[in-house]
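The values are calculated or read from the model by the stated rules, or taken from the named source; none is laboratory data. As the structure is a computational prediction, the values presented were derived from the model and not from experiment. We place every Cβ from the backbone using ideal geometry, glycine too, and count neighbours over all the protein chains shown. Only protein heavy atoms, including side chains, enter the accessible area calculation; ligands, DNA and RNA are left aside. Shrake-Rupley method; radii C 1.70, N 1.55, O 1.52, S 1.80 Å.
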Amino acid sequence: MVDNFDIPDSVLQKIGTARHVAVLTGAGISAESGVPTFREAQTGLWAKYDPQELATPEAFQRNPRLVWEWYAWRRELVNKAAPNAGHQALVALAKLVPQFTLITQNVDGLHQRAGSQNVICLHGNIMETKCFALGHRITDWPESDELPPRCPECGSLLRPNVVWFGENLPADALETAVHAARSCDVFLSIGTSALVHPAASLPLLAIENSAFLIEINPQPTPLSRWADVTLSGAAGEILPLLLARLQK
Ligand code: OAD
């Protein structure tokens, strides 16, 4: 526990007087829920696969069953996970500020399960399913021995509703996220390696518009040099402490 962690007064003052707080989260905020971060080594039978080689349309077209089963394994992991104190602290933060925008790169749905509203899911949601050809959102499909199952609307193969490498992000989600980054006065980047664009450009848009940038990550990232404050530690420990100080 980092109860002796020193949250700078500037952070408390900036958030305490903020008009609009925007937050971008990455896999790091779900790490303490037991969901491996995107770039951590994969475990078990998936250890030999590089996620960046499975999460692509080409991989799916080459071997749809393998990719479908990889996501089924990840859905299992996510189903067993629960939101942690970091997710919950963001639910509390949203209630403290006049305007709050939560943007996530995560597909695990843990922010929503913690109670966050209007979460902007830049990379989709692993618990949702759509068809490969036309993007029909499908919630249930006829039992079949064939894996992946087929879309009841158009017959094409079903796939998880997540953004794969080389695919565009959902336009409305990205537009809302860019608008929030440009109009917020405090931007928090939490648990992301800040490597993957366009998500990684959001904090830079925020500082271009004079927002106060706070990064929460146990490790430095390419964003750290731009942050007004970097809180080096685990989100599940720092965020509850930050909320406790803000609620005093
Ligand atoms: P990464 O796995 O790239 O980075 C996770 C970050 O979380 C790292 O910087 C860790 O230092 C940090 N971290 C680890 N434990 C933490 C903790 N307890 N608290 C806070 N931070 C912690 O995951 P992302 O940055 O989310 O995109 O990756 C971004 C995107 O890259 C993913 O959404 C995925 C991938 O390409 C798509 O799938 C389209």
Length gained if Ala82 through Asp9 is fully extended, taking 0.36 nm per residue and subtracting the Cα-Cα distance, is 23.1 nm
Segment 122-248: spread of alpha-carbon positions along the three principal axes, whole Å, largest first, is 54, 29, 26
Taking the 0 to 90 degree range and rounding to the nearest ten, how far is the long axis of helix 235-246 tilted relative to the main principal axis of the chain, both from C-alpha atoms?
40 degrees
Where the chain is the region considered: accessible area per residue in Å², 1.4 Å probe
48 Å²
The chain, relative contact order [Cα under 8 Å, separation at least 6], %
25 percent
At q = 0.12 Å⁻¹, the log10 of I(q)/I(0) for the chain from a Debye sum over equal Cα scatterers comes to -0.70
Throw me the Rg/Rh for segment 1-118, computed over C-alpha atoms with Kirkwood Rh, two decimals.
1.07
The percentage of the accessible area of the chain (probe 1.4 Å, all protein chains present) made up of carbon and sulfur atoms, to the nearest whole number, is 51 percent
In degrees, nearest 10, range 0 to 90: what is the angle between the Cα axis of helix 64-80 and the longest Cα principal axis of the chain?
40 degrees
Check which residues have an amide H placed less than 5 Å from Phe38's amide H, if you skip close sequence neighbours.
Ala27
Point-charge dipole on Cβ atoms (K/R +1, D/E -1) for the chain, about Cα centre, debye to 20
280 debye
Once you have the Cα-Cα distance between Asn118 and Lys95, take 0.36 nm times their residue separation minus that, and quote the gain in nm to one decimal.
7.0 nm
Considering the options Pro36, Val78, Leu239, tell which one lies farthest towards the positive end of the dipole of the chain, charges being +1 on Lys and Arg and -1 on Asp and Glu at the Cβ, about the Cα centre.
Leu239
Would you kindly find the accessible area of Trp141, with a 1.4 Å probe and non-protein molecules such as ligands, DNA and RNA excluded, rounding to the nearest 10 Å²?
80 Å²
Mean Cα-pair separation over length for segment 1-132, i.e. relative contact order, pairs under 8 Å, 6 or more apart, %
29 percent
